[in-house]
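Below: the structure, in structure tokens.
The values are calculated or read from the model by the stated rules, or taken from the named source; none is laboratory data. None of the values given here were measured: they were computed from a predicted structure. Glycine also receives a Cβ, built like all others from the backbone with ideal geometry; neighbour counts cover every protein chain displayed. Protein only, heavy atoms only, side chains kept; ligands, DNA and RNA dropped before computing areas. Shrake-Rupley method; radii C 1.70, N 1.55, O 1.52, S 1.80 Å.
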Amino acid sequence: MRSLVSIVSLLAVCAATSSQEKKAEPKKEPPPKVLYSIPLVVKPGQKQKLALRGRHLASVKDVKVVGADGAKVRVIGAKAVGVPNNYPADRVGDSEVEIELELPNDAKPGAVKLIAAGASDSNEYRLLVRDNLPTAAEKEDNGAFGSAQLIALPVAVEGTIKGERDVDVFKFVGKKGQKVRIEVQAARFGSPLDGFLTVCDANRNILDTVDDADGSADPVVTLTLPGDGAYYVSLIDAHDLGGPNFGYRLIVKPD
């Protein structure tokens, strides 16, 4: 009987030791995840600094480029960053890695991806590479009809919803019967911006409003202009959020 008690006691000690050993195992670090870049649009043929924002990026030591032969990349540093109150970390990110990137002149839009490497590799993040459309930078203060930024078609406006309840308004001149396509590029490239588009005529009558399109948070509007004159395009975040990382590319062109 004593022998049986001794065996049971020994098994209990072994189980406790095994449990302690399991508890002592180091916690596995989650893989890094790149959500978006700041700025959101990357220019081929130019050396520029980017902040890759995402999750678990503070320990990243290397960044790899896929889909652009001859690209040069250098990691400057990585760190944790604060998340604004009530903003989802999975949307805005809690860390970033700063890099210096130079893409070749022939880098193809949609083909270039970045991989952040730490204890393990991140997802393949698809960069928004500037194409051959004429480009304009968004200029403040463009938050109302009276101060709308004048643009000429076709154009790709590179801008930012800079803060909560920020509104960016653009004005263009069109002809009756002209077909126009207005498209936001943001969420598809990881930007936390959930765009909401409104198109008005010269009398500020609403012609169309669009939130999501084709399963994406990026709105798209196609319309035939009802008359000659000025038209207004306004862009906001659908949840009234914003910040220096809420980047977008707004395309306005004949359809």
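Summary table
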quantity: Candidates 193, 197, 153 - the one that is open to solvent by less than 20 Å² (accessible area, probe 1.4 Å), in contact with a strand residue (DSSP E or B) (Cβ under 8 Å, 6 or more places away or on another chain) and not in a strand (DSSP E or B); calculated: 193
quantity: For residue 137: the one exception among (1) of a type in the set (Gly, Ala, Ser); (2) farther than 20 Å from residue 40 by Cα; (3) touching a Gly at 6+ places or on another chain (Cβ under 9 Å); (4) open to solvent by 40 Å² or more (accessible area, probe 1.4 Å); calculated: (2)
quantity: Failed condition for residue 57, given (1) modelled with pLDDT of 95 or more; (2) over 22 Å from residue 92 (Cα atoms); calculated: (2)
quantity: Single condition residue 207 does not satisfy, out of (1) part of a strand (DSSP E or B); (2) in contact (Cβ under 8 Å) with a residue 40 or more places away in the chain; (3) touching a Pro at 6+ places or on another chain (Cβ under 9 Å); calculated: (2)
quantity: Residues located in the stretch 103-134, provided they are among the basic types (Lys, Arg) and within 18 Å of residue 36 (Cβ to Cβ); calculated: 113, 126, 130
quantity: Selection within the stretch 60-82 - open to solvent by 60 Å² or more (accessible area, probe 1.4 Å) and part of a strand (DSSP E or B); calculated: 62, 64, 72, 74, 76, 79, 80
quantity: So residue 95, is it farther than 21 Å from residue 245 by Cβ, hydroxyl-bearing (Ser, Thr, Tyr), at pLDDT 95 or above and open to solvent by less than 60 Å² (accessible area, probe 1.4 Å); calculated: no
quantity: Out of 34, 13, 41, sole residue that is farther than 30 Å from residue 162 by Cβ and either at pLDDT below 70 or buried (at least 18 other Cβ atoms within 10 Å of the Cβ) (or both); calculated: 13
quantity: Within the stretch 103-113, considering residues that are open to solvent by 60 Å² or more (accessible area, probe 1.4 Å) and either within 22 Å of residue 31 (Cβ to Cβ) or in contact (Cβ under 8 Å) with a residue 24 or more places away in the chain (or both), the one nearest to the chain's Cα centre (by Cα); calculated: 113
quantity: Answer residue from the stretch 24-59, given it is assigned to a loop (DSSP other than H, G, I, E, B) and polar (S, T, N, Q) and is nearest to residue 109 (Cα to Cα) among those; calculated: 46
quantity: Residue count for the stretch 210-225, restricted to those that are assigned to a loop (DSSP other than H, G, I, E, B) and surrounded by fewer than 14 Cβ atoms within 10 Å (Cβ to Cβ); calculated: 3
quantity: Odd one out for residue 126 among (1) open to solvent by less than 20 Å² (accessible area, probe 1.4 Å); (2) in contact with a helix residue (DSSP H, G or I) (Cβ under 8 Å, 6 or more places away or on another chain); calculated: (1)
quantity: Qualifying residue in the stretch 235-246 (condition: out of contact with any Asp or Glu (no Cβ under 7 Å at 6 or more places or on another chain) and either more than 20 Å from residue 91 (Cβ to Cβ) or of a type in the set (Ser, Thr, Tyr) (or both)); calculated: no
quantity: Some residue of the stretch 229-251 being assigned to a loop (DSSP other than H, G, I, E, B), among the hydroxyl-bearing types (Ser, Thr, Tyr) and buried (at least 20 other Cβ atoms within 10 Å of the Cβ); calculated: no
quantity: So residue 179, is it open to solvent by 50 Å² or more (accessible area, probe 1.4 Å), more than 22 Å from residue 203 (Cα to Cα) and not aromatic (Phe, Trp, Tyr); calculated: no
quantity: Filter pass, residue 123 being under 30 Å from residue 239 (Cα atoms) and either of a type in the set (Gly, Ala, Ser) or at pLDDT below 95 (or both); calculated: no
